[in-house]
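**Q** Questions regarding the structure given below will be posed in turn.
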Amino acid sequence: MTTDVQPDRIGMSQRERDVLRVMQGVIDGARTQAEAARLVKRSVRQVRRLQRRLEAEGDGALVHGLRGRPSNRRTDPVLRDRVLRAYRRSYPDFGPTLASEKLGADGLAVEAETLRRWLLAEGLWERKRHRDPHRTRRPRRGCFGELVQMDASVHDWLGGRGEAMVLIAMIDDATGRIAAKFYAAGTVEAHLGLLGEWLRAYGRPAAVYTDRHSIFEPQDKGKALPDGVTQFGRALAELDVELIRAHSPQAKGRVERLFGTAQDRWVKELRLAKVRTIDQANAVLGRLVPEHNRRFTRAAERPTDAHRRLGPGHRLEAVLSVQAERVVSNDYVVRFGSRFYQLLKPVYAGERGGRVVVERRLDGTLWMRFRGHYLNYREVGAGVEAEREPTPAAARPAAAPQSGPRRPARNHPWRTPFKRPT
């Protein structure tokens, strides 16, 4: 082997340069083939064949013959160009995985990892590096229905194209099975509505895991009231379901990660479906939620189901309502929401002067209950309403303004002279 400078520069890796240095000693007679085989971790026969190739071809014999040539398994460049044009045109903000699914539906089949490399090479995608504080993930619960996480996500789901809406979701901790629905706002009625859908589908879970929003934790001017109970907490108590409130978003990480996925994938699905209203969005969810459960639901560690069946005493339309207590007047009239309602016959013992429970149900109807009996009523007309409603302060005649300083009357105690006791 000659040591003269070759006319063309040969690109070698550090490993190949190390092997060349060892084989140079073999060719020069300073090192045996057995010793070279031990140093380069090859067999003696391989060293012998390598020596013959070096003597015949020079230093380039150590470089693989396919280096610098395109792979025989590379994707057709025409397909690559079509995929990238379709991505720029229809899915510019899609992640590689979701874009791969959509391109496959368009007849441009490409693996997600292959598409990721293409997008990185074209500068259309950037790696997302998360350096969050170290946290230990809580292990999943053992069986389905043992713990269900619930939360709401306020997000621009329609990208400014239509109605503002909030996604409320529930996810089982053991299996990852979800239920989700869009609502106009994250009200207590909306949360009770989704809870009702879960109860009718699976039964009563052992516990519900939420954050410390005022819907779940009673508050007064931002401060928690440990002895109070909210409408949602009352409903769970009537269903014998434990309410657990988390101290941080990370504690209920499964539902938070669900929202991260939904805010990426579902936003794009709603855009492709040209959704503009809440009803249209929920119609699309009718397809997305079963698909999510089919793809991502996993088997629980234990096959038992912790859900309990609804009993005959669990009237969901009554339990999942917003309730308030009101006192019945002597003429059997109840005031609720600035309206007056006349209670009708039959009359029960203790009803007059007693307390009735007013239920504002999710369907908008109003029901009144007294000691387990639902009462008949009718709304009182404007005459009775005006008779019982106090005159607003704005309608009262304003007092005449007093001119000058206010002076006490002649018989005012201030004018009585002080007398010392004798």
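The values are calculated or read from the model by the stated rules, or taken from the named source; none is laboratory data. Computed from a prediction, not measured in an experiment: that's the story for all the values here. Counting neighbours? That spans all protein chains shown, and the Cβs are built from the backbone with ideal geometry, glycine included. Accessible surface areas use protein heavy atoms only, side chains included; no ligands, DNA or RNA. Shrake-Rupley method; radii C 1.70, N 1.55, O 1.52, S 1.80 Å.
**Q** Give the residues of the stretch 333-347 that are over 42 Å from the mean Cα position of the chain (by Cα) and either among the hydrophobic types (A, V, I, L, M, F, W, C) or at pLDDT 95 or above (or both), sorted by residue number. Write out each step before concluding.
**A** To start, the set of residues in the stretch 333-347 that are over 42 Å from the mean Cα position of the chain (by Cα) comprises 333, 342-347.
Within the stretch 333-347, V333, Q342, L343, L344, V347 qualify.
**Q** List pairs: first residue in the stretch 7-27 and within 12 Å of Q51 (Cβ to Cβ) and at pLDDT 80 or above, second residue among the basic types (K, R) and part of a helix (DSSP H, G or I) anywhere in the structure, Cβ distance under 8 angstrom, at least six positions apart or on different chains.
**A** Between residues of the stretch 7-27 that are within 12 Å of Q51 (Cβ to Cβ) and at pLDDT 80 or above and residues that are among the basic types (K, R) and part of a helix (DSSP H, G or I), there is no close pair.
**Q** Looking at the stretch 35-51, which of its residues are open to solvent by 60 Å² or more (accessible area, probe 1.4 Å) and either more than 18 Å from R17 (Cβ to Cβ) or in a helix (DSSP H, G or I) (or both)? Quick ask: steps written out before the conclusion?
**A** Let us first name the residues in the stretch 35-51 that are open to solvent by 60 Å² or more (accessible area, probe 1.4 Å), namely 35, 38-39, 41-42, 45-46, 48-49.
Across the stretch 35-51, the qualifying residues are E35, R38, L39, R45, Q46, R48, R49.
**Q** Taking the conditions exactly as written (aliphatic (A, V, I, L, M), surrounded by 15 or more Cβ atoms within 10 Å (Cβ to Cβ) and under 38 Å from the mean Cα position of the chain (by Cα)), does A324 satisfy them or not? Even if it seems obvious, please write down each step before you answer.
**A** Values: aliphatic (A, V, I, L, M): yes; surrounded by 15 or more Cβ atoms within 10 Å (Cβ to Cβ): no; under 38 Å from the mean Cα position of the chain (by Cα): yes.
In short, no.
This table checks each residue for (1) touching a helix residue (DSSP H, G or I) at 6+ places or on another chain (Cβ under 9 Å); (2) surrounded by 13 or more Cβ atoms within 10 Å (Cβ to Cβ); (3) part of a helix (DSSP H, G or I); (4) among the acidic types (D, E).
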{"site": "R82", "(1), (2), (3), (4)": "no, yes, yes, no"}
{"site": "R89", "(1), (2), (3), (4)": "no, no, yes, no"}
{"site": "L108", "(1), (2), (3), (4)": "yes, yes, no, no"}
{"site": "L124", "(1), (2), (3), (4)": "yes, yes, no, no"}
{"site": "R141", "(1), (2), (3), (4)": "no, yes, no, no"}
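**Q** I want to confirm something. Restricting to the stretch 327-338 and keeping residues that are assigned to a strand (DSSP E or B) and within 16 Å of N376 (Cβ to Cβ), which single residue is most open to solvent (accessible area, probe 1.4 Å)?
**A** As a first pass, look at the stretch 327-338 and keep what is assigned to a strand (DSSP E or B): 327, 333-336.
Okay, now just the ones that are also within 16 Å of N376 (Cβ to Cβ), so 333-334, 336.
Values: V333: 9, V334: 0, F336: 28 Å².
My answer is F336.
**Q** Sort out which residues of the stretch 215-235 are open to solvent by 60 Å² or more (accessible area, probe 1.4 Å) and either part of a loop (DSSP other than H, G, I, E, B) or among the aliphatic types (A, V, I, L, M) (or both), and write them in order of number. It would help to see each step written out before you state the result.
**A** So the first thing to find is which residues in the stretch 215-235 are open to solvent by 60 Å² or more (accessible area, probe 1.4 Å), and the list is 219-223, 225-227, 229.
K221, G222, L225, P226, D227, V229 - these are the residues of the stretch 215-235 that are open to solvent by 60 Å² or more (accessible area, probe 1.4 Å) and either part of a loop (DSSP other than H, G, I, E, B) or among the aliphatic types (A, V, I, L, M) (or both).
**Q** Under 9 Å by Cβ, and 6 or more places apart or on different chains, what pairs join a residue from the stretch 47-65 that is more than 20 Å from R9 (Cβ to Cβ) and of a type in the set (D, E, K, R) with one that is open to solvent by 40 Å² or more (accessible area, probe 1.4 Å) and modelled with pLDDT under 85?
**A** E55/M1
**Q** Can you tell me which residues in the stretch 173-206 are open to solvent by 10 Å² or more (accessible area, probe 1.4 Å), closer than 25 Å to D156 by Cβ and either touching a helix residue (DSSP H, G or I) at 6+ places or on another chain (Cβ under 9 Å) or not aliphatic (A, V, I, L, M) (or both)?
**A** Residues satisfying the conditions are A179, A180, K181, Y183, A184, G186, T187, V188, E189, G193, E197.
**Q** Follow-up. Report every pair of residues separated by at least 6 positions or lying on different chains whose Cβ atoms are under 8 Å apart, first residue within the stretch 192-203 and over 11 Å from A169 (Cα atoms), second in a helix (DSSP H, G or I) and of a type in the set (F, W, Y).
**A** L192/F232
Here is a yes/no grid of residues against (1) touching a Ser or Thr at 6+ places or on another chain (Cβ under 9 Å); (2) polar (S, T, N, Q); (3) part of a helix (DSSP H, G or I); (4) under 30 Å from E16 (Cα atoms):
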{"position": "L54", "(1), (2), (3), (4)": "no, no, yes, yes"}
{"position": "N72", "(1), (2), (3), (4)": "no, yes, no, yes"}
{"position": "T75", "(1), (2), (3), (4)": "yes, yes, no, yes"}
{"position": "R85", "(1), (2), (3), (4)": "no, no, yes, no"}
{"position": "W118", "(1), (2), (3), (4)": "yes, no, yes, yes"}
{"position": "A121", "(1), (2), (3), (4)": "no, no, yes, yes"}
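**Q** Let me ask something else. Select from the stretch 356-379 the residues that are of a type in the set (D, E, K, R) and either without any contact (Cβ under 8 Å) to a residue 12 or more places away in the chain or in a loop (DSSP other than H, G, I, E, B) (or both) and list them in ascending order. Spell out how you get there, then give the answer.
**A** First, pick out the residues of the stretch 356-379 that are of a type in the set (D, E, K, R): 359-361, 363, 369, 371, 378-379.
Within the stretch 356-379, R361, D363, R371 qualify.
**Q** Report, by residue number, each residue of the stretch 307-326 that is touching a residue at least 12 places away in the same chain (Cβ under 8 Å), in a loop (DSSP other than H, G, I, E, B) and under 24 Å from T230 (Cβ atoms). Please lay out each step first, then the result.
**A** Taking the stretch 307-326 and keeping what is touching a residue at least 12 places away in the same chain (Cβ under 8 Å), we get 307-310, 314, 316-326.
Filter once more, so that each one left must be in a loop (DSSP other than H, G, I, E, B): 307, 309-310, 314, 320-321.
Result: H307, L310, H314, L320, S321.
**Q** Another question, if that's okay. Look through the stretch 244-256, keep the residues that are in contact with a strand residue (DSSP E or B) (Cβ under 6 Å, 6 or more places away or on another chain) and hydrophobic (A, V, I, L, M, F, W, C), and return whichever of them is surrounded by the fewest Cβ atoms within 10 Å (Cβ to Cβ).
**A** I244
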